[in-house]
Structure formats: C-alpha cells, structure tokens
Amino acid sequence: MIYGIEELEWEEIIGEEKKLEMYGLETPDMKLTFQSEEGEETLILGDQTGDGKRYAKLSDSEQVGTIVEDVLQPYQLQAFELVEKFVKIIAIDVLDQLQISDGDQEIVIKIDHQFDQDGQGSPVFFINDQEVGEDIFRDLYKDIAGLSVHDVVKNATYHTPEATMTYTIFQDDQGDKSEINVELVSYDQDNFAVFLNGKADFLLEKSLFKNMLEKIKQT
C-alpha cells in the first residue's frame, strides 16, 4: 500500500532511476499529496505505460514503479468536480442580514431571531422592511443559497463589481457578528466572476442572478 491507502498499490517496482524524464516524472502532469496526523506523502505520476498502468514515484524516494491507472480515477477529478458548486451557502439560523445590490437597486433581507432564554420562539423574516411569511421566505432562500457556479476561472481581473451580496452572520451565541462579502464582477457578456476575499475561482451565469432578483421582487 502507498501511505496506507489500500487501493493504491505498486503493480511493479522498476527500481531506483536517475533519468526521471524517461518515465515522465521529471515534469509530471499530476501530483497527489496525502495527509494524516503522522505527516504527508506526495505521489508523483508520470507517463502511461501503454498497458493500463502509469509510472509513479514518491517524492522522497528515487524508486520508480507502476500503478494501475483505474485506481487513480477518483484522484484525477478536477477540483471543480469535487467542490460544492454554490456561490455561498449561509444557514438561516446564523444569518442576521443579507444586502443584495446590483447597482440599480438594493434589497435588504433581515431575520429577527426572536427567541427567549429557553430557546423558545421563531424567527421573523423581512424583505425591504416588509414582513414575509416563513414558508414563503424559506422557499425563496433556497433560490438565494442555491445560486450555482458553472465553471472554473483562473484569469479574472478585479474591477468595480456589477453586483454584491453582503451577508451579516452571527459568529457565536453572544451575538458577535461578521460580514462575508461576495462581489460579482463582469467577466464576459454572460458571466460574472465570483470574488470572495479578493479572489475569483468560479463563474456564475448572469441570467441566474437576475432570475433570483426577479423572484425576490415578486415576493
């Protein structure tokens, strides 16, 4: 086994090799780093052998071997395939306020968490100071929390955002609050680059955001 993972086993040990370029290990296409409480180990993956295997070595060893390629499939997924594809999911229980601005208008969603010392009570929901029924709000919030990104972006340039979503959330039971600011910066005609903490990793279709705004307005 490699680093205690049953599925990752050496199929064949070739031996210690200095000419890593022969096996595609000098400039590999992929590295897998496994971490545990004991430390970490990096598996370097090289060229295919042509018979369903791939050359590989551990980063701290010169020994080269082969691994059956099929067992690598779960680790070869792109990061986008492994992450939750949502702009930002904030639980209603910790949400105090959400301000949504698209330049032309601003929508303010507030939740008044009316609970006594025994935890009895229920929240009251407001959109632009107008009270909204709980069932209606929870159904609407599914659309807000369900805003889903559809692609990875690596070359987004930050400029003045066309829209923002600012979440004010409770950090603890003492009522301390913090803000999470999502900035939607125009990437092209159809997409926003989603900036969180000054960095954009994903694209959001502008039409999805606009449809969400329309649904809020109709509430």
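The table that follows gives values for the structure above.
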{"quantity": "Non-local Lys pairs in region 115-211, i.e. 8 or more apart or on different chains, that have alpha carbons under 21 Å apart", "calculated": "4"}
{"quantity": "Karplus (6.51, -1.76, 1.60) ³J(HN,Hα), θ = phi - 60°, over region 179-186, in Hz, Gly and Pro reported as x", "calculated": "10, 10, 10, 9, 10, 9, 9, 4"}
{"quantity": "Alpha-carbon centroid distance for the pair region 88-114 / region 147-195, whole angstrom", "calculated": "13 Å"}
{"quantity": "Region 12-76 - percent relative contact order, Cα under 8 Å, separation 6 or more", "calculated": "33 percent"}
{"quantity": "DSSP-loop trypsin sites (Lys or Arg not before Pro) across region 115-204, with at most 14 other Cβ within 10 angstrom", "calculated": "LYS154"}
{"quantity": "Given 12 as the ceiling on other Cβ atoms within 10 Å, longest exposed-site-free region of the chain for GluC sites (Glu not before Pro) in DSSP loops", "calculated": "85-219"}
{"quantity": "Amide H partners (placed H, <5 Å) of GLU11, local residues excluded", "calculated": "THR66, ILE67, VAL68"}
{"quantity": "Lysines whose Cα lies under 24 Å from that of LYS19, excluding same-chain neighbours fewer than 8 positions away", "calculated": "LYS31, LYS53, LYS57"}
{"quantity": "Electrostatic dipole magnitude of region 12-76 [Cβ: Lys, Arg +1; Asp, Glu -1; Cα centre; debye, to 20]", "calculated": "200 debye"}
{"quantity": "Cα-centred dipole magnitude for the chain, charges only on beta-carbon of K, R (+1) and D, E (-1), debye, nearest 20", "calculated": "800 debye"}
{"quantity": "From the coordinates shown, log10 I(q)/I(0) by the Debye sum over Cα atoms at q = 0.08 Å⁻¹ corresponds to which of (i) -0.49; (ii) -0.28; (iii) -0.53", "calculated": "(i)"}
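Every read-out reported here was derived from the displayed coordinates using simple, explicitly stated rules and does not represent laboratory data. Not measured: the values here are computed from a predicted model. Backbone-built Cβ (ideal geometry, glycine too); neighbour counts: all protein chains shown.
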